[in-house]
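Below is one structure, written out as structure tokens; the observations come after it.
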Ligand SMILES: Cc1cc2nc3c(=O)[nH]c(=O)nc-3n(C[C@H](O)[C@H](O)[C@H](O)COP(=O)(O)OP(=O)(O)OC[C@H]3O[C@@H](n4cnc5c(N)ncnc54)[C@H](O)[C@@H]3O)c2cc1C
Ligand SMILES: Cc1cc2nc3c(=O)[nH]c(=O)nc-3n(C[C@H](O)[C@H](O)[C@H](O)COP(=O)(O)OP(=O)(O)OC[C@H]3O[C@@H](n4cnc5c(N)ncnc54)[C@H](O)[C@@H]3O)c2cc1C
Ligand code: SF4
Ligand code: SF4
Ligand code: FES
């Protein structure tokens with residue numbers, strides 16, 4: 001049983017869950033993810049391991065509510081409730097090494113998955129510079145946790161409500177121009193990762209991104225998660241999810257994310273209707 | 001006087017069944033089964049037995065059916081086959097038991113598969129007798145993968161008295177029986193009933209356990225397992241490698257069928273997983289998987305389903321019955337063609353360009369190799385494509401088990417008995433042979449269970465608790 005031990009609101013439509021999953025917690029490494037199914041009729045959705053506690057046997061997930069499944073998790077699952085399935089850890093772990101100076105860029109909920117990566121990189125002796133950005137202050141979270149695992153932390157908001165006004169790519173470009181940066185990690189919405197990758201490519205600095213295509217099994221069995229990297233078809237769930245950002249075919253990735261747009265909308269509307277009927 | 005033809009099995013009308021996912025053949029009544037059973041000549045040499053990969057005493061069980069003793073018939077089958085309801089439905093009988101039936105030389109062969117299915121279904125309705133579990137030996141065996149190979153191995157290990165824990169990566173056990181073969185061909189209730197029998201025999205099944213990720217085979221030995229059986233199957237989908245294959249609307253057969261079968265997308269939005277099927281669907285391939293995908297597409301509302309196969313009908317590896325059913329349901333076939341690129345509009349599939357093929361010299365498999373005819377390219381407008389050109393061995397276990405010898409095809413190298421290059425690690429089914437059949441995977445699971453039993457008896461017995 002994968003029991004929710006803790007649930008906390010981090011911002012509008014963003015929640016943190018601490019879930020019992022001892023086997024996953026024992027094997028987890030930075031960069032990996034789990035596949036979660038809420039109930040018997042549920043979809044399998046991938047979520048990155050934001051943290052884990054091998055001793056306590058728990059994992060931490062940070063979930064942004066974007067559609068039916070994530071919304072239902074937020075509305076209907078509280079402390080003490082059990083998730084039907086939690087499978088993992090899946091995907092290849094981040095390649096942690098002593099690179100020198102690394103920049104870890106996080107956009108929006110990307111803050112959660114970048115956290116263990118920054119921690120591992122710092123643990124390996126790198127000088128870690130963090131950049132965290134969101135649309136507005138309310139959407140920022142875990143800044144204290146990020147400060148703990150970085151040597152420097154820069155924060156941006158699109159509307160200037162906190163930190164520097166603008167997009168994460170701006171401080172990234174400045175760092176690339178003024179400092180010796182050995183490697184960059186960028187995690188967030190596909191568009192943000194695309195522009196970070198372009199900036200790094202121009203500066204000639206290797207960049208790693210974590211791809212988030214639609215998945216089904218997460219174990220290499222279906223090919224739903226295929227992405228084009230360096231002209232080759234790769235399965236993000238087993239070959240990734242991390243890939244060299246400058247080699248990713250972003251337009252394809254972004255297009256494939258909309259494969260089930262209509263069905264997703266229909267599912268969300270039906271869910272809202274059911275909730276309305278149940279509560280009225 | 002012997003009937004020249006098989007007693008026909010009632011089926012759902014093709015016009016009705018393309019609108020539902022219910023099973024197509026409806027099964028024999030006891031009278032029909034007895035009538036069909038009486039066609040068996042009870043041959044002394046019984047070639048049919050040699051044609052069955054697990055060597056069921058076919059004339060024996062058929063004789064019981066002819067007398068109306070269905071309990072005796074099912075008992076006899078279960079001495080060699082623990083999943084008869086499944087095999088009776090999905091075995092390629094025409095190339096196995098029925099392919100060599102003496103009666104088949106002059107008339108239609110005895111409908112062995114249908115009779116096997118009949119008694120297995122009869123038993124499910126009249127009370128299942130579980131095989132007897134052996135006296136506890138204290139040995140613990142881990143079984144990786146819960147497809148037919150793993151399930152069969154687990155049952156036999158329990159009969160020998162060993163403790164068994166099965167580890168399955170997906171959220172439901174059953175392997176291809178659950179995620180691949182559709183409901184209308186193999187109702188999931190039947191698979192679930194078989195799986196609960198395995199549980200009742202005391203085998204523990206742990207789902208959501210991806211061996212190689214959640215823990216490794218070495219971890220299992222460290223946890224005190226004395227032997228491991230790997231039946232992790234051939235679950236890795238193959239793609240054509242042609243341009244446009246990542247357009248929205250192009251699925252691997254595994255994705256298409258997993259969404260529908262395992263995730264029940266055909267009942268979306270009641271179930272959360274979506275599937276999208278357009279009006280014109282092309283399925284690429286000619287095996288059972290292709291037939292399953294084509295017939296599933298029809299049931300999901302496609303107006304036109306076209307199977308593109310690069311050889312001719314004679315070379316199609318699918319079971320004859322499935323091809324026949326597909327044709328009845330209105331699936332169309334284009335033989336001697338192969339896609340060369342998928343065409344798209346705004347990232348979505350809009351067509352496929354194909355080239356015509358002709359058959360050249362035979363290849364290693366003895367089948368004539370298709371070669372493209374230059375300048376014969378043509379395009380078809382389609383909005384969905386399903387690639388069903390075969391599956392490769394799942395690489396996760398081989399990749400994460402040091403010392404396990406793997407062939408250049410990615411299969412685990414194992415003997416007839418399932419022994420691998422690693423002491424205490426046995427393997428069988430599709431992970432060893434490459435994509436094959438349910439019954440051959442079961443045969444491998446059975447032989448491996450016997451080999452594991454001998455291996456354990458020869459090793460130091462565990463301290464009794
Ligand atoms: C490896 C991986 C790790 C992920 N980690 C996290 C995480 O830590 N926290 C988190 O909140 N989300 C994460 N995601 C995204 C998450 O899986 C999706 O948001 C979720 O599946 C949406 O399900 P839904 O039913 O709520 O929404 P849906 O109705 O299915 O989708 C709503 C919208 O979300 C987008 N979407 C659908 N599936 C995905 C997807 N797989 N990735 C990105 N966008 C998607 C679509 O564009 C769609 O329009 C991750 C995805 C991957 C592949
Ligand atoms: C669509 C389709 C239709 C078919 N139709 C027929 C037919 O009509 N007749 C016939 O005889 N054969 C048919 N076959 C072939 C047949 O199903 C297979 O040959 C057979 O299932 C192989 O059995 P297996 O036990 O070796 O592997 P599988 O059935 O593939 O089972 C392997 C199991 O191992 C699990 N697994 C894999 N890796 C791991 C891991 N690392 N850790 C834990 N678990 C793992 C998988 O999730 C899976 O559940 C069909 C196959 C398909 C795909
Ligand atoms: S198990 Fe398959 S091959 Fe053997 S008798 Fe039954 S149908 Fe024929
Ligand atoms: S070969 Fe045919 S006729 Fe002969 S025993 Fe077997 S099933 Fe009966
Ligand atoms: S999600 Fe199925 S192969 Fe990656």
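Confirm whether residue A:89 is at pLDDT 95 or above, surrounded by fewer than 18 Cβ atoms within 10 Å (Cβ to Cβ) and touching a helix residue (DSSP H, G or I) at 6+ places or on another chain (Cβ under 8 Å). Write out each step before concluding.
On the way: at pLDDT 95 or above: yes; surrounded by fewer than 18 Cβ atoms within 10 Å (Cβ to Cβ): no; touching a helix residue (DSSP H, G or I) at 6+ places or on another chain (Cβ under 8 Å): yes.
Taking the combined requirement at face value, the residue does not satisfy it.
Condition first: more than 16 Å from ligand 5 (Cβ to nearest atom), within 18 Å of residue B:245 (Cα to Cα) and either more than 9 Å from chain B (Cβ to nearest Cβ) or in contact with a strand residue (DSSP E or B) (Cβ under 7 Å, 6 or more places away or on another chain) (or both). Now tell me which residues in the range A:249-278 satisfy that. Write out each step before concluding.
So the first thing to find is which residues in the range A:249-278 are more than 16 Å from ligand 5 (Cβ to nearest atom), and the list is A:249-251, A:254-255, A:258, A:261-278.
Filter once more, keeping what is within 18 Å of residue B:245 (Cα to Cα): A:249-251, A:254-255, A:258.
Across the range A:249-278, the qualifying residues are A:249, A:250, A:255.
Yes or no: the range B:39-60 includes at least one residue that is over 22 Å from the mean Cα position of the chain (by Cα), closer than 23 Å to residue B:187 by Cβ and surrounded by 13 or more Cβ atoms within 10 Å (Cβ to Cβ).
No, because not a single residue in the range B:39-60 is over 22 Å from the mean Cα position of the chain (by Cα), closer than 23 Å to residue B:187 by Cβ and surrounded by 13 or more Cβ atoms within 10 Å (Cβ to Cβ).
Kindly provide the set of residues from the range B:358-406 that are under 26 Å from residue A:93 (Cα atoms) and over 22 Å from the mean Cα position of the chain (by Cα), ordered by number.
B:399, B:400, B:401, B:402, B:403, B:404, B:405, B:406
Restricting attention to helices (runs of 4 or more DSSP H) lying wholly within the range B:121-234, give those where 1 or more residues are closer than 30 Å to residue A:91 by Cα and within 14 Å of chain A (Cβ to nearest Cβ).
Filter on the range B:121-234 gives B:176-179, B:188-200, B:217-222.
Being closer than 30 Å to residue A:261 by Cβ and either assigned to a strand (DSSP E or B) or in contact (Cβ under 8 Å) with a residue 60 or more places away in the chain (or both) narrows it down to one of B:359, B:343, so name that one.
One residue alone meets the criteria, B:343.
Among the candidates A:259, A:267, A:278, single out the residue that is closer than 18 Å to residue A:46 by Cβ, modelled with pLDDT under 90 and assigned to a helix (DSSP H, G or I). Give the steps one after another, and end with the answer.
On the way: A:259 fails: assigned to a helix (DSSP H, G or I); A:278 fails: closer than 18 Å to residue A:46 by Cβ.
Just a single option satisfies the conditions, and that option is A:267.
For residues that are in contact with a strand residue (DSSP E or B) (Cβ under 6 Å, 6 or more places away or on another chain) and part of a loop (DSSP other than H, G, I, E, B), scanning just the range A:185-204, find the one that is farthest from residue A:30 (Cα to Cα).
Within the range A:185-204, the first condition is being in contact with a strand residue (DSSP E or B) (Cβ under 6 Å, 6 or more places away or on another chain), and the residues that meet it are A:185-189, A:192-193, A:196-197, A:200.
Imposing the further condition that a residue be part of a loop (DSSP other than H, G, I, E, B) reduces the set to A:188-189.
On the way: A:188: 16, A:189: 19 Å.
The qualifying residue farthest from residue A:30 (Cα to Cα) is A:189.
Within the group A:256, A:234, which residue is near ligand 1 (Cβ under 10 Å from one of its atoms), within 27 Å of residue B:345 (Cβ to Cβ) and more than 17 Å from the chain's Cα centre (by Cα)? Write out each step before concluding.
Working: A:234 fails: near ligand 1 (Cβ under 10 Å from one of its atoms).
So the residue among A:256, A:234 that is near ligand 1 (Cβ under 10 Å from one of its atoms), within 27 Å of residue B:345 (Cβ to Cβ) and more than 17 Å from the chain's Cα centre (by Cα) is A:256.
Can you confirm whether residue A:196 is away from ligand 4 (no atom under 16 Å from the Cβ), over 24 Å from residue A:36 (Cβ atoms) and either without any contact (Cβ under 8 Å) to a residue 24 or more places away in the chain or not assigned by TED's automatic domain parsing to the domain that holds residue A:69 (or both)? So that I can check it myself, show each step before the final result.
Details: away from ligand 4 (no atom under 16 Å from the Cβ): yes; over 24 Å from residue A:36 (Cβ atoms): yes; either without any contact (Cβ under 8 Å) to a residue 24 or more places away in the chain or not assigned by TED's automatic domain parsing to the domain that holds residue A:69 (or both): yes.
Answer is yes for this residue.
Go through the range A:226-276 and count every residue that is in contact with a helix residue (DSSP H, G or I) (Cβ under 6 Å, 6 or more places away or on another chain) and within 16 Å of ligand 2 (Cβ to nearest atom).
Residues flagged as in contact with a helix residue (DSSP H, G or I) (Cβ under 6 Å, 6 or more places away or on another chain) and within 16 Å of ligand 2 (Cβ to nearest atom) within the range A:226-276 amount to 0.
Here is a yes/no grid of residues against (1) over 30 Å from residue A:205 (Cα atoms); (2) surrounded by fewer than 19 Cβ atoms within 10 Å (Cβ to Cβ); (3) at pLDDT 95 or above:
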{"position": "A:5", "(1), (2), (3)": "yes, yes, yes"}
{"position": "A:10", "(1), (2), (3)": "yes, no, no"}
{"position": "A:21", "(1), (2), (3)": "yes, no, yes"}
{"position": "A:59", "(1), (2), (3)": "yes, no, yes"}
{"position": "A:63", "(1), (2), (3)": "yes, no, yes"}
{"position": "A:76", "(1), (2), (3)": "yes, yes, no"}
{"position": "A:83", "(1), (2), (3)": "yes, no, yes"}
{"position": "A:115", "(1), (2), (3)": "no, no, yes"}
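The values are calculated or read from the model by the stated rules, or taken from the named source; none is laboratory data. Predicted model, so just to flag it, every value in this text is computed and none were measured. Don't worry about glycine lacking a Cβ; one is built from the backbone with ideal geometry, like all the others, and counts go over all protein chains shown.
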